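Let me begin by handing over the structure; questions about it come next.
Just so it is clear, none of the values below were taken in a lab; they were calculated from the coordinates. These numbers were taken from a predicted model, which means no experiment stands behind them. Neighbour counts are summed over all protein chains in view; Cβ atoms, including those assigned to glycine, are modelled from backbone coordinates with ideal geometry.
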Ligand code: FNR
């Protein structure tokens, strides 16, 4: 091992910072406005403590599970994050290869820099496709079709972004979005008239802020794939999601890049889980940086977690190897956490294995 070989995923962030131009590093690392929620997403995990059980036979630990019926080596997925070619010249293709090597599920962003077809043909990982709703709805429908034809297994419909959150670093840096290859010949990503973040100008030109609950029926009419709603934070909305009939929800605040001052996702998780009562799968993302964080999310009722920035930072620092290592480190840490907590299988992890601030006030 070299001196700069990271021993945890947080150390990849430093390496990524050294490797990337400031504009791109800030884009990947940043959150919106005061970045209050960005800090909270990580800090809130620290306020949850573990309640391990002793003298359990933990000589064999099994982290494997299924998500929507698809086998995975661990309840850890790659979150859909945009524009991996800004992190590494080969972009999402390498991320997908790492997912396949680690036998975990990959979420591919609608705003990827490699095409749906390139990602599909470069690896046999189970892949879910993340969807944004464009004003030109036929473009969103076309992407869903392409994902379906290319063997993606589910649609992650992101609902927290009717408009792009205000990311001040991108405004200052005059962040330039590259041409997104999926849309070549359909939409030009090039925006010449913006003062600040090009990305913001592009988003306001394309995203459809009128898309609402009633339009989910339209999405169902154009795909047979299961639909998971990504960006649920409240009891009120998960009730609506169940009424409308989706296959799952993802508790997410978009890595704190959209509305600032929403709660840390780990603080919002239990409200959703208690409302769902096991009727549909609840996935989770935001601030996962340790195996103990994964364990805490599972204990609070998530079926699996998705990881965003650590993957991109791994990719920026060391390409496919970096992504693999980031996933492996989280898996290894989860395995150790399960052993030290007396939980040989995922179903042994219960609400009683964590103590939250809500418990302190009971
Ligand atoms: C994102 N995220 C995101 N989500 C989405 O639905 N579509 C997208 O294109 C993107 N793009 C994106 C880019 C970057 C650079 C980041 C950091 C995040 C949000 C992502 O799916 C996930 O919700 C968060 O990344 C989870 O938080 P952590 O793990 O980054 O703390």
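Give me the number: length gained by fully extending residue 351 to residue 23, i.e. 0.36 nm times residue separation minus the C-alpha to C-alpha distance, one decimal in nm.
Difference between extended and current length: 114.0 nm.
Which order, highest average first, do 25-35, 151-161 follow once you tally other Cβ atoms within 10 Å for each residue and take the mean per peptide?
Ranking, from highest mean packing down: 151-161, 25-35.
Related question: Taking N as the number of residues in the chain, what value does Rg over Cα atoms divided by 2.2 N^0.38 Å take?
Rg over 2.2 N^0.38 Å, computed on Cα atoms: 0.94.
Give me the angle, in degrees from 0 to 90, between the Cα long axis of helix 137-149 and the longest principal axis of the Cα atoms of the chain, rounded to the nearest 10.
With rounding to tens, the tilt is 50 degrees.
What angle, in degrees between 0 and 90 and rounded to the nearest 10, separates the Cα long axis of helix 309-341 from the longest principal axis of the Cα atoms of the chain?
It works out to around 20 degrees.
Of the peptides 128-137, 4-13, how do they stack up when ordered by the mean number of other Cβ atoms within 10 Å, highest first?
Ranking, from highest mean packing down: 128-137, 4-13.
Please sort 246-259, 197-210 by packing, taking for each peptide the average over its residues of neighbouring beta carbons within 10 angstrom, highest first.
The packing order, highest mean first, is 246-259, 197-210.
Note down the Stokes-Einstein diffusion coefficient of region 67-190 in µm²/s, whole number, using a Kirkwood radius over alpha carbon pairs, 4 °C, and 1.567 mPa s.
In µm²/s, the coefficient is 85.
Something else: Just to verify a number: FRET efficiency for residue 190 and residue 149, C-beta to C-beta distance, R0 = 25 Å, to 0.05?
0.35
Between rounded, prolate and oblate, where does region 1-54 land on the alpha carbon gyration tensor, with a ≥ b ≥ c its root eigenvalues, rounded for a/c under 1.5, else prolate if a/b exceeds b/c?
Oblate.
Which one of 144, 58, 126 has the biggest mean-square fluctuation once the chain is modelled by GNM with Cα springs under 10 Å?
58
To continue, here is another question. Given a Förster distance of 51 angstrom, what is the FRET efficiency for residue 217 paired with residue 340, based on the Cβ-Cβ distance and rounded to 0.05?
0.60
How much length is gained if the chain between residue 208 and residue 124 is pulled fully straight, taking 0.36 nm per residue apart and subtracting their Cα-Cα distance, in nm to one decimal?
Taking residue 208 through residue 124 to full extension adds about 27.0 nm, to one decimal.
Determine how many Å³ per residue the convex hull of the Cα atoms of region 229-362 encloses.
Taking the convex hull of the Cα positions in region 229-362, it is 126 Å³ per residue.
At 7 Å along Cα-to-Cβ for each site, give me the label-to-label distance between residue 360 and residue 54 in nm.
2.5 nm
Taking the chain as the reference, fit the longest principal axis to its C-alpha atoms, fit the long axis of helix 92-102 to the helix C-alpha atoms, and give the angle between the two in degrees, 0 to 90, nearest 10.
Tilt of helix 92-102: around 20 degrees.
Taking the alpha-carbon set of region 140-195, what are its Rg and Dmax in Å?
Every Cα atom of region 140-195 included, Rg and Dmax give 14.7, 40 Å.
What value does region 300-360 have for Rg/Rh, both radii from Cα atoms and Rh as Kirkwood defines it?
1.09
Here's something else I'd like to know. Based on a Kirkwood Rh over C-alpha pairs, give the Stokes-Einstein translational diffusion coefficient of region 35-137 at 10 °C and viscosity 1.306 mPa s in µm²/s.
97 µm²/s
Another question, then. Could you tell me what fraction of 2.2 N^0.38 Å the Cα radius of gyration of region 157-312 comes to, as a two-decimal ratio?
Against the compact-globule rule of thumb, the ratio is 1.14.
Between residue 8 and residue 117, how many nm apart are label points set 7 Å from Cα along the C-beta direction?
Roughly 4.4 nm, to one decimal.
What is the Å³ per residue value for the convex hull set by the Cα atoms of region 113-167?
100 Å³
Percentage of Cα-Cα pair distances in region 24-90 greater than 20 Å, rounded to whole percent?
Cα-Cα pairs in region 24-90 separated by more than 20 Å: 63 percent.
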